[in-house]
Amino acid sequence: MKDKNIESAPDLMSVRDIMSLLGIGRTKAYSLTRSGDVQTIRIGRSVKIPKAAILAFLENCGYNSVQADGLRNTEGGDYESYR
């Protein structure tokens with residue numbers, strides 16, 4: 001996934017897609033899915049993440065407004081503080 005815009009993200013994403021979208025590493029991405037912080041769907045051995053699960057996770061982190069031009073934090077600060 002080249003674009004970091006949530007609006008253009010597919011409805012089901014891979015762990016690699018959420019790594020790119022959220023700007024996080026592989027270990028953190030799998031940690032979020034294993035802990036249940038981000039809902040997943042297993043298809044065979046593949047782990048898929050619904051776009052709605054990413055939006056719910058971001059809302060829980062204080063990102064109440066997702067704009068077409070990217071992510072907006074409504075509580076001040078930046079995304080880095082939520083990693």
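Where a number appears in this text, it was derived from the coordinates with a stated rule and is not lab data. None of the values given here were measured: they were computed from a predicted structure. Quick reminder, even Gly has a Cβ in these numbers, built from the backbone with ideal geometry, and neighbours come from all protein chains shown.
Of the residues that sit in the stretch 15-43 and are in contact (Cβ under 8 Å) with a residue 12 or more places away in the chain and of a type in the set (Lys, Arg), which one is nearest to Leu58 (Cα to Cα)? I'd like the intermediate steps shown before the answer.
Going through the stretch 15-43, the residues in contact (Cβ under 8 Å) with a residue 12 or more places away in the chain turn out to be 15-18, 20-24, 28-30, 32-33, 37-41.
Filter again for of a type in the set (Lys, Arg), leaving 16, 28.
On the way: Arg16: 17, Lys28: 15 Å.
In this case the residue turns out to be Lys28.
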Study note, to complete from the structure: Counted residues in the stretch 2-35 being more than 17 Å from Ala52 (Cα to Cα), touching a Lys or Arg at 6+ places or on another chain (Cβ under 9 Å) and not small (Gly, Ala, Ser) come to 3
Practice item. Could you grab me the full set of residues in the stretch 22-53 that are in contact with a strand residue (DSSP E or B) (Cβ under 7 Å, 6 or more places away or on another chain), within 19 Å of Lys4 (Cα to Cα) and of a type in the set (A, V, I, L, M, F, W, C)? Key: Val38, Ile49
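Only residues that are among the aliphatic types (A, V, I, L, M), under 11 Å from the mean Cα position of the chain (by Cα) and under 12 Å from Met13 (Cβ atoms): list them for the stretch 31-53, please. Write out each step before concluding.
If we filter the stretch 31-53 for residues that are among the aliphatic types (A, V, I, L, M), which is where we start, we get 32, 38, 41, 43, 47, 49, 52-53.
Going one step further and asking which of them are under 11 Å from the mean Cα position of the chain (by Cα), we end up with 32, 38, 49, 52-53.
If the condition is that a residue be among the aliphatic types (A, V, I, L, M), under 11 Å from the mean Cα position of the chain (by Cα) and under 12 Å from Met13 (Cβ atoms), then Val38, Ile49, Ala52, Ala53 are the ones that fit.
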